[in-house]
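Q: First the structure, which I've put down as structure tokens, then a few questions once you've had a look.
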Amino acid sequence: MQDIQKLIQNLVIVIIGDKGGIGKTLLAYNLIFWLLQYEPECELIDCDNDQFSSADFACLRKEAGIYPNLPIINVPTQELEKYLANSKKKAHIIEFGKSFGEDDKARRKALEKAVKWGDIILAPLPASPVDALAFGKFEEKLPVEIANKPAILIPNRVKSAKRLRMILNSVPQLQYFKISESFLSDRLCFQDSFLDNGRTIFEIKPKSDSDRDGIKEFNKLVEEIINTAATFYEG
Amino acid sequence: MKDKNLNFGKSIADKIKQTKDQENDHSKTDSSAPSFDNAISKIASNKDEAMKEFNLKPITIGGKYDLEGEEDITLTILAKKLSGGIKQELASRYVREGIKRDAKKYNIPIIK
């Protein structure tokens, strides 16, 4: 893996997506645990206010006495800029909620700004033809500044590599996002870890080969994200 | 990499400030510049002369879209530059993004 310490200095990772339940929390929650190993002064800002999400799972683990506490805070999208402007943290992950409608201008505006601040933009994509086709339209709404950043589309809930290839072939050519080679399979451990008192995928005790493969998949994905970003910025 | 993300490595407060500054720069218009509508008609009436007068170079529209009415879109973009609505360094990216928006606005068909 590339020089992580150098890369994560003041890093801002923005996690976005056009729907609920596509894997944004899975990604954000586990990434903050990973990031915490390298930068104690980091924070996940949970703007996914509509549903039970990262901040709620962090409370679960705190109540269960699981260490370390995860630095996750719930911030309404309207307050995001003000909050960040006063933040002393050295690295941030910003997780946005589900799709903004045309009427939800405040959320849309906040997301556009966050994309401009972000150093890495991540978007999980459920491996289904409908979601794959819809992503192209979602991408069109994003600000042009995203062209200056590594933007990675991460296939999630993949049934098989063969089916994933078939689905990705149906995706219109994307303008900004690169589809990651690593993907997350449709595994119970990715959901069950949350239910285990808010544990991350890195903390579960594997009970099956599928669990072990899930941990490997997530590690591989993190490595690819970091390497992609490092290559982008060093280039 | 086509363009550097100049905010990389800066603190979040600096990132926010820089983004605000950029937005302010982009929203500034040259008070001596013609309005967008005037710019359009000026270029449309005598493109060669307008381009020479304002030291504009033709923009080649590439990428994945083949366009009908390419000339009209080029004029639109030139006019935007002329009226101070778009910064020079953003022009190439604007072309890519702007194609679809302007095509829709000016009713120009896009063929994939």
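The values are calculated or read from the model by the stated rules, or taken from the named source; none is laboratory data. All values derive from a computational prediction rather than experimental measurement. Neighbour counts are summed over all protein chains in view; Cβ atoms, including those assigned to glycine, are modelled from backbone coordinates with ideal geometry. Surface accessibility is based on the protein's heavy atoms, side chains included, excluding ligands, DNA and RNA. Shrake-Rupley method; radii C 1.70, N 1.55, O 1.52, S 1.80 Å.
Q: Anything in segment A:144-157 that is surrounded by 19 or more Cβ atoms within 10 Å (Cβ to Cβ) and of a type in the set (A, V, I, L, M)? List them, or say none. First the steps, then the outcome.
A: Let us first name the residues in segment A:144-157 that are surrounded by 19 or more Cβ atoms within 10 Å (Cβ to Cβ), namely A:145-146, A:148-157.
Answer for segment A:144-157, where residues must be surrounded by 19 or more Cβ atoms within 10 Å (Cβ to Cβ) and of a type in the set (A, V, I, L, M): A:ILE146, A:ALA151, A:ILE152, A:LEU153, A:ILE154.
Q: Take the conditions within 20 Å of A:ASN30 (Cα to Cα) and not in a strand (DSSP E or B) and apply them to A:LYS89. Does it pass? Can you show your working first?
A: Numbers: within 20 Å of A:ASN30 (Cα to Cα): yes; not in a strand (DSSP E or B): yes.
For A:LYS89, the condition - within 20 Å of A:ASN30 (Cα to Cα) and not in a strand (DSSP E or B) - is met.
Q: Could I ask something else about it? Can we say A:LYS141 is charged (D, E, K, R), within 14 Å of chain B (Cβ to nearest Cβ), touching a helix residue (DSSP H, G or I) at 6+ places or on another chain (Cβ under 9 Å) and loosely packed, with under 13 Cβ neighbours inside 10 Å?
A: Numbers: charged (D, E, K, R): yes; within 14 Å of chain B (Cβ to nearest Cβ): yes; touching a helix residue (DSSP H, G or I) at 6+ places or on another chain (Cβ under 9 Å): yes; loosely packed, with under 13 Cβ neighbours inside 10 Å: no.
No: the conditions fail for A:LYS141.
Q: Out of A:LEU36, A:LEU80, A:LEU125, A:LEU111, which single residue is surrounded by 14 or more Cβ atoms within 10 Å (Cβ to Cβ), away from chain B (no Cβ under 14 Å) and either in contact with a helix residue (DSSP H, G or I) (Cβ under 7 Å, 6 or more places away or on another chain) or modelled with pLDDT under 90 (or both)? Explain how you work it out, then say what you get.
A: On the way: A:LEU36 fails: either in contact with a helix residue (DSSP H, G or I) (Cβ under 7 Å, 6 or more places away or on another chain) or modelled with pLDDT under 90 (or both); A:LEU80 fails: away from chain B (no Cβ under 14 Å); A:LEU111 fails: away from chain B (no Cβ under 14 Å).
None of the others qualify; the one that does is A:LEU125.
Q: Given the criterion part of a loop (DSSP other than H, G, I, E, B), of a type in the set (Asp, Glu) and open to solvent by less than 50 Å² (accessible area, probe 1.4 Å), identify the matching residue among A:ASP18, A:ASP46. Even if it seems obvious, please write down each step before you answer.
A: Numbers: A:ASP46 fails: part of a loop (DSSP other than H, G, I, E, B).
Being part of a loop (DSSP other than H, G, I, E, B), of a type in the set (Asp, Glu) and open to solvent by less than 50 Å² (accessible area, probe 1.4 Å) holds for just one of A:ASP18, A:ASP46, which is A:ASP18.
Q: Something else: Considering A:PHE183, A:PHE232, which residue is in a helix (DSSP H, G or I) and crowded, with 18+ Cβ neighbours inside 10 Å? It would help to see each step written out before you state the result.
A: Values: A:PHE183 fails: in a helix (DSSP H, G or I).
Going through A:PHE183, A:PHE232 in turn, just one is in a helix (DSSP H, G or I) and crowded, with 18+ Cβ neighbours inside 10 Å: A:PHE232.
Q: Is one or more of the residues making up segment A:89-108 within 14 Å of chain B (Cβ to nearest Cβ), open to solvent by 40 Å² or more (accessible area, probe 1.4 Å) and closer than 17 Å to B:LYS15 by Cβ?
A: Step one: of segment A:89-108, the residues within 14 Å of chain B (Cβ to nearest Cβ) are A:89-94.
Checking the rest, the ones that are also open to solvent by 40 Å² or more (accessible area, probe 1.4 Å) come to A:89-90.
Next cut, closer than 17 Å to B:LYS15 by Cβ only: A:89-90.
Among the residues of segment A:89-108, at least one is within 14 Å of chain B (Cβ to nearest Cβ), open to solvent by 40 Å² or more (accessible area, probe 1.4 Å) and closer than 17 Å to B:LYS15 by Cβ, which makes the answer yes.
Q: For A:ALA85, only one of the following conditions fails: (1) touching a residue at least 60 places away in the same chain (Cβ under 8 Å); (2) over 17 Å from A:ASP18 (Cα atoms). What is its number?
A: (1)
Q: Tally the residues that are small (Gly, Ala, Ser) and closer than 25 Å to A:ILE4 by Cβ, restricting the search to segment A:117-146. First the steps, then the outcome.
A: Within segment A:117-146, the subset small (Gly, Ala, Ser) is A:118, A:123, A:127-128, A:132, A:134, A:136.
Adding the requirement that they be closer than 25 Å to A:ILE4 by Cβ leaves A:118, A:123.
The qualifying residues number 2.
Q: Among (1) without any contact (Cβ under 8 Å) to a residue 24 or more places away in the chain; (2) in contact with a Pro (Cβ under 6 Å, 6 or more places away or on another chain), which single condition is A:ALA161 missing?
A: Unmet for A:ALA161, out of (1) without any contact (Cβ under 8 Å) to a residue 24 or more places away in the chain; (2) in contact with a Pro (Cβ under 6 Å, 6 or more places away or on another chain): (2).
Q: Under 6 Å between Cβ atoms, which residue pairs at least 6 apart in sequence (or on different chains) link something in segment A:217-235 that is touching a residue at least 40 places away in the same chain (Cβ under 8 Å) with a partner that is open to solvent by 70 Å² or more (accessible area, probe 1.4 Å)?
A: What qualifies is A:GLU223/A:MET1; A:ILE226/A:MET1; A:PHE232/B:MET1.
Q: Same structure, new question: What residue, among those in segment A:186-226 that are of a type in the set (A, V, I, L, M), more than 15 Å from the chain's Cα centre (by Cα) and assigned to a helix (DSSP H, G or I), is surrounded by the fewest Cβ atoms within 10 Å (Cβ to Cβ)?
A: Going through segment A:186-226, the residues of a type in the set (A, V, I, L, M) turn out to be A:188, A:195, A:201, A:204, A:215, A:221-222, A:225-226.
Subsequent filtering for residues that are more than 15 Å from the chain's Cα centre (by Cα) retains A:188, A:195, A:204, A:215.
Keeping just the survivors that are assigned to a helix (DSSP H, G or I) gives A:188, A:195, A:215.
Numbers: A:LEU188: 13, A:LEU195: 11, A:ILE215: 18.
Of everything passing the filter in segment A:186-226, A:LEU195 is surrounded by the fewest Cβ atoms within 10 Å (Cβ to Cβ).
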